[in-house]
Amino acid sequence: MKCRVCRGPAIIDVRRHNANFCAEHFLRLCRDQVAKAIRQFDMLAADDRVLVAVSGGKDSLAVWDLLTELGYAADGFYLGLGIGDYSQDSEGYARRYADGRGLRLHTVDLPETHGFDIPGGARAARRAPCSACGLSKRHLFDDAARRGGYDALATGHNLDDEAAVLMGNTLRWQTEYLGRQLPVLAARDGFPRKVKPLVRLSERETAAYCLLRGIDYIVEECPMAAGNKHLAYKAALNDIEVESPGAKHDFYFGFLDRASARFRAEVERDRDGLAPCERCGSPTDAGVCAFCRLAARAAGPEPVRLSDRRVR
Ligand code: FES
Ligand code: ZN
Ligand code: ZN
């Protein structure tokens, strides 16, 4: 197995590109793919200040590392979700990565700051843990980027994530989600710009990247994610990819090229009518935003208003 670039001994095959690479040229491939995604989708300007949502896992640490390598001023943001040892361990990985490289990591602890953790919040709101988690992350990442005056919020979503989300949205024809599933979302109404610089790299590649760069990351999946459909879609796509290398890439990038614009109208429709949340000031279309409602339910029973009662 020889490296496509230098013909030296290769350490990894990338079947999607029908090529093998040595360590040096694999790392260069990763940087080139991220730079290409940033250019292709106009994600970042050279002098943008970027906040990276860091979980302690391979993808978020890889994206932070790659952005820094490419010369962007990128700080990290870690959100403690209160999921027992898992949260403590993942924070440790994020902290060691940042300290080891002299990078700045902001942290917020959900239980300390907002009085509830994800298992408790999910129970109180009768939501699946991943849904309470996703809602809290979106809200608090946006909030941190806004308060810190960052130009963009970067997340570690890779090609496997995006293809799996696309598969889930397509299976149920969730057209408004399809209209919003883009590698970059422009800033608007108090929301920061959101970018996914890893969309051209697979999960296997981000894992190999971390290994070669000496980045230690949390390997365990979140314990609350068991039974999560996203993981099932990923597994199904992996089976397809074995038979048909490049299928994930073609599925996702074909969607962006040829289908995504058809769903944009739905997104435009719900653009109007955002006002600051009565409790936290974040933009919302509901008076009190979904995160503040989750926090209130987690804090205890909401008083029942007379008008909410059913009259028999
Ligand atoms: Fe969000 Fe597990 S990381 S529920
Ligand atoms: Zn090489
Ligand atoms: Zn709010």
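The values are calculated or read from the model by the stated rules, or taken from the named source; none is laboratory data. Keep in mind that this is a model prediction, so the values were computed, not measured. We place every Cβ from the backbone using ideal geometry, glycine too, and count neighbours over all the protein chains shown.
So which pairs qualify, if the first residue must be in the range 125-147 and farther than 16 Å from ALA299 by Cβ and without any contact (Cβ under 8 Å) to a residue 24 or more places away in the chain, the second must be within 11 Å of ligand 3 (Cβ to nearest atom) and not in a helix (DSSP H, G or I), the Cβ gap must be under 9 Å, and the two must be at least 6 apart or on different chains?
Sorted first by the residue in the range 125-147, then by its partner, the list stays empty.
For the range 33-62, which residues satisfy the criterion of being in a helix (DSSP H, G or I) and either within 13 Å of ligand 2 (Cβ to nearest atom) or of a type in the set (Gly, Ala, Ser) (or both)?
ALA35, ALA37, SER60, ALA62
Checking the conditions here, which among ALA132, ALA94 is in a helix (DSSP H, G or I), within 16 Å of ligand 3 (Cβ to nearest atom) and within 20 Å of the chain's Cα centre (by Cα)? So that I can check it myself, show each step before the final result.
Values: ALA94 fails: within 16 Å of ligand 3 (Cβ to nearest atom).
None of the other options fit; the residue is ALA132.
Among the residues of the range 75-85, is any in a helix (DSSP H, G or I) and aliphatic (A, V, I, L, M)? It would help to see each step written out before you state the result.
Residues of the range 75-85 in a helix (DSSP H, G or I): 84-85.
Right, trim to aliphatic (A, V, I, L, M) and you get none.
Scanning the range 75-85, I find no residue that is in a helix (DSSP H, G or I) and aliphatic (A, V, I, L, M), so the answer is no.
Collect the residues in the range 46-67 that are farther than 20 Å from GLU220 by Cβ and crowded, with 17+ Cβ neighbours inside 10 Å, keeping them in residue-number order. Write out each step before concluding.
Just the residues of the range 46-67 that are farther than 20 Å from GLU220 by Cβ, to begin with: 46-52, 65-67.
Within the range 46-67, ASP48, VAL50, LEU51, VAL52, ASP65, LEU66, LEU67 qualify.
Identify, by number, the condition in (1) in a loop (DSSP other than H, G, I, E, B); (2) surrounded by 17 or more Cβ atoms within 10 Å (Cβ to Cβ) that LEU29 doesn't meet.
Against the list (1) in a loop (DSSP other than H, G, I, E, B); (2) surrounded by 17 or more Cβ atoms within 10 Å (Cβ to Cβ), LEU29 comes up short only on (1).
If you scan the range 97-121, which residues turn out to be touching a residue at least 12 places away in the same chain (Cβ under 8 Å), away from ligand 3 (no atom under 16 Å from the Cβ), of a type outside the set (Asp, Glu) and in a helix (DSSP H, G or I)?
Start the filter on the range 97-121 by keeping residues that are touching a residue at least 12 places away in the same chain (Cβ under 8 Å), which leaves 97-98, 101, 103-112, 114-121.
Still in the running and away from ligand 3 (no atom under 16 Å from the Cβ): 97-98, 101, 103-107, 109, 111-112, 117-120.
Right, trim to of a type outside the set (Asp, Glu) and you get 97-98, 101, 103-107, 111, 118-120.
Scanning the range 97-121 gives TYR97, ALA98, ARG101, PRO111, ILE118, PRO119, GLY120.
Filter the range 246-261 down to the residues that are touching a residue at least 60 places away in the same chain (Cβ under 8 Å) and more than 19 Å from LYS36 (Cβ to Cβ) and list them by number.
Within the range 246-261, the subset touching a residue at least 60 places away in the same chain (Cβ under 8 Å) is 246, 248-249, 251-252, 255-256, 259-260.
Once the filter is applied, which keeps residues that are touching a residue at least 60 places away in the same chain (Cβ under 8 Å) and more than 19 Å from LYS36 (Cβ to Cβ), the range 246-261 yields only ALA259.
Which ones in the range 144-153 are outside any loop (DSSP other than H, G, I, E, B) and modelled with pLDDT of 95 or more?
Let us first name the residues in the range 144-153 that are outside any loop (DSSP other than H, G, I, E, B), namely 144-147, 152-153.
Matches in the range 144-153: ALA144, ALA145, ALA152, LEU153.
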